[in-house]
């Protein structure tokens, strides 16, 4: 396995532009991230922070109004943005696959499970129907579906939510992709079923040396599943780095506030540290840092100009003026702790 | 002081499996007993289909029980006269999960909050207005919100409006059905804090239903864990959360997500899924998925018994059991 990143995003921006060009929503703005083979990258953010748009940008499956305005997406040494639509179709489902939140919406109710699991194998690998179905049966077994033989001939409505989501996982894995993007894959599942599914994803990842991008709003899932973390706020990655380091010492005030606002099992009935205010409107962002209006440590500079990406150490990137070399990398933490 | 007491509460629905299928009976709530004390919170947890929402509907008087009953401040609900029922409905209010669905988009905020006041109490318009402004202040919204419409508010603010409406009649008990699940992560703490402050300030009792176990443990004084219509374990929130006894509760809490990547917990991954409530397993409903199931579990329904300061319905803890209980 090479040591270089499998996927590297450099200064990637995706903007939604209204028909007359009068309104621009910067859904993804100057995002730089990388992921290595076998690694799990968690992307967390609230609704509207741009995490799903980022995933769709990687797959180039954006709606018409969206434009990828700048940047590069290097995947296995090639820039995905330079590829033609036909070339992209050979990447999607084959080398990069995606699992969506709602398994009922991603399965076709009119086709049998066998047809749907076999479809990518027939399209991408040109296998015949019988061979593709044989492979589909193995895939169902790999995602722990009991009696795969009968399930292949059934339709999605005959299955429970947890089982459907495992079938979507089997479709994602069918052509042995190098990168799997999972967008909130367990949000619609019950807790004990969620635990089953997370375990399955980890098994599949280990067995195939897969890189996994996990999009979620749940920091608990990140703590359980991920090696690397990118926190998004208003279309930008405000902090990224190894999960343990960020949980131990969050550098961005937003990450810090988010981590301390979550109830923990251990400390009962303590007052939660709530974040004041509301997430911003992406079409009318403040001139400076988008988090400044809610930030307890904001100062004049934050309201004047958006902070660039600073690197407090080799592994981390932070978009906050407090992390600027002049301000001292730990300055923010000290002040945050006092406030 | 006990505000509400449910005793062997049941709700059964008739159902048909398939279009021409057999008639069946769904025991959505099956002999459930609990108490909610004044100024305290009962947390109800369980997965979809466990009967927690039906239990909430029974408490709200939106469903009539098929068996058992509810006593509110010592009076049996079934025996109440019209005036008594009126008083009960005023005393028990609800806040629902989705603040986009629970507020009428065509009504101004003042009308939304005033509606329970106007239908239940004969107040002067000026008194109603005064009370609305007072309620808005209570939930932390500016008084100019009164003349706006729901679409002008974010999810968190809408949930505040729903809370203000629930408090309009000064209830004793508020049923909170997943009150923060639909909200953004950064907003949830605001609403949980607000609910806690209001509880202290107004002496409210809560019935808190949620699937986020950490939030339930954080908000509740007592917890009841439900599985397929029955309570399998109940007791003080911290006792249940820290050392669950029932194998289902143990699996459920082990499936709760960690708050730090280095926090390693023992993982109990249950096999299979929650069975259909139309055909629940015999004996203990949990036995087909239980890692400790014995022969007896398939035959006999376990009763709730006291084990280490909480109630557990499991044969492992029965006095005559020879099996060793999981830690």
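The values are calculated or read from the model by the stated rules, or taken from the named source; none is laboratory data. Keep in mind the model is a prediction, meaning the values are calculated, not measured. With ideal geometry, Cβ positions are generated from the backbone for all residues, glycine too; neighbour counts draw on all protein chains shown.
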Kindly list the number of the only condition in (1) within 17 Å of the chain's Cα centre (by Cα); (2) within 27 Å of residue B:233 (Cβ to Cβ); (3) surrounded by fewer than 20 Cβ atoms within 10 Å (Cβ to Cβ) that fails for residue B:1. (1)
Suppose we keep only residues that are over 19 Å from residue B:34 (Cβ atoms) and touching a residue at least 40 places away in the same chain (Cβ under 8 Å) within the stretch B:290-305. Which one would you say is farthest from the other protein chains (Cβ to nearest Cβ)? B:292
(1) out of contact with any strand residue (DSSP E or B) (no Cβ under 6 Å at 6 or more places or on another chain); (2) more than 14 Å from every other protein chain (Cβ to nearest Cβ) all hold for residue B:176 apart from (1)
Looking at the stretch A:249-294 only, could you name the residues that are under 28 Å from residue B:196 (Cβ atoms), modelled with pLDDT of 90 or more and assigned to a loop (DSSP other than H, G, I, E, B)? A:250, A:252, A:291
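Facing another protein chain (nearest Cβ under 10 Å) and either at pLDDT 95 or above or surrounded by 24 or more Cβ atoms within 10 Å (Cβ to Cβ) (or both): which single residue out of A:213, A:246 fits that description?
Answer to the check: A:246.
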Among the residues of the stretch A:100-115, is any in contact with a strand residue (DSSP E or B) (Cβ under 8 Å, 6 or more places away or on another chain) and assigned to a loop (DSSP other than H, G, I, E, B)? yes
For residue A:224, indicate whether it is within 11 Å of chain B (Cβ to nearest Cβ), assigned to a helix (DSSP H, G or I) and touching a helix residue (DSSP H, G or I) at 6+ places or on another chain (Cβ under 9 Å). yes
Inter-residue pairs, beta-carbon under 6 Å, first more than 19 Å from residue A:206 (Cα to Cα) and in the stretch A:31-44, second in a loop (DSSP other than H, G, I, E, B), 6+ apart: A:34/A:5
Residues (in contact with a helix residue (DSSP H, G or I) (Cβ under 8 Å, 6 or more places away or on another chain) and either crowded, with 17+ Cβ neighbours inside 10 Å or without any contact (Cβ under 8 Å) to a residue 24 or more places away in the chain (or both)) located in the stretch A:295-314: A:295, A:297, A:298, A:299, A:301, A:302, A:303, A:307, A:310, A:312
Determine whether the stretch B:184-203 contains at least one residue that is outside any helix (DSSP H, G or I), at pLDDT 95 or above and touching a helix residue (DSSP H, G or I) at 6+ places or on another chain (Cβ under 8 Å). no
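Matching residues to (1) surrounded by 21 or more Cβ atoms within 10 Å (Cβ to Cβ); (2) more than 24 Å from residue A:51 (Cβ to Cβ); (3) modelled with pLDDT of 90 or more; (4) within 18 Å of the chain's Cα centre (by Cα):
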| position | (1), (2), (3), (4) |
| --- | --- |
| A:165 | yes, no, yes, yes |
| A:169 | yes, no, yes, yes |
| A:174 | yes, yes, yes, no |
| A:179 | yes, no, yes, yes |
| A:190 | yes, no, no, no |
Does residue A:169 fit the bill of being closer than 19 Å to residue B:269 by Cβ and at the interface with chain B (Cβ under 10 Å from one of its Cβ atoms)? no
The residue that is surrounded by the fewest Cβ atoms within 10 Å (Cβ to Cβ), considering only those in the stretch B:218-240 that are part of a helix (DSSP H, G or I) and touching a strand residue (DSSP E or B) at 6+ places or on another chain (Cβ under 7 Å), is B:239
Residue in the stretch A:70-91 that is nearest to the chain's Cα centre (by Cα), counting only those that are crowded, with 18+ Cβ neighbours inside 10 Å and under 24 Å from residue A:168 (Cα atoms): A:75
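Based on what the data block shows, is residue B:102 farther than 21 Å from residue B:3 by Cβ, within 14 Å of another protein chain (Cβ to nearest Cβ), in a loop (DSSP other than H, G, I, E, B) and modelled with pLDDT under 95?
Answer is no for this residue.
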Filter the stretch A:307-323 for residues that are in contact with a strand residue (DSSP E or B) (Cβ under 6 Å, 6 or more places away or on another chain) and outside any strand (DSSP E or B); which is farthest from residue A:249 (Cα to Cα)? A:309
Hey, any hits in the stretch B:243-255 for a residue that's more than 14 Å from chain A (Cβ to nearest Cβ) and either buried (at least 16 other Cβ atoms within 10 Å of the Cβ) or not in a strand (DSSP E or B) (or both)? yes
Output for the stretch A:255-293, where each listed residue is at the interface with chain B (Cβ under 8 Å from one of its Cβ atoms), crowded, with 19+ Cβ neighbours inside 10 Å and closer than 15 Å to residue A:49 by Cα: A:258, A:279
Exactly one of B:43, B:61, B:31 is in contact with a helix residue (DSSP H, G or I) (Cβ under 8 Å, 6 or more places away or on another chain), touching a residue at least 12 places away in the same chain (Cβ under 8 Å) and part of a strand (DSSP E or B), and that one is B:43
Take the stretch A:188-221 and flag every residue that is out of contact with any helix residue (DSSP H, G or I) (no Cβ under 9 Å at 6 or more places or on another chain) and assigned to a loop (DSSP other than H, G, I, E, B). A:209
With more than 29 Å from residue A:166 (Cα to Cα) and either out of contact with any strand residue (DSSP E or B) (no Cβ under 7 Å at 6 or more places or on another chain) or within 8 Å of chain A (Cβ to nearest Cβ) (or both) as the only criterion, which of B:308, B:273 stands out? B:308
Quickly run through the stretch B:64-99 and pick out the residues that are assigned to a strand (DSSP E or B) and closer than 30 Å to residue B:187 by Cβ. B:92, B:93, B:94, B:95
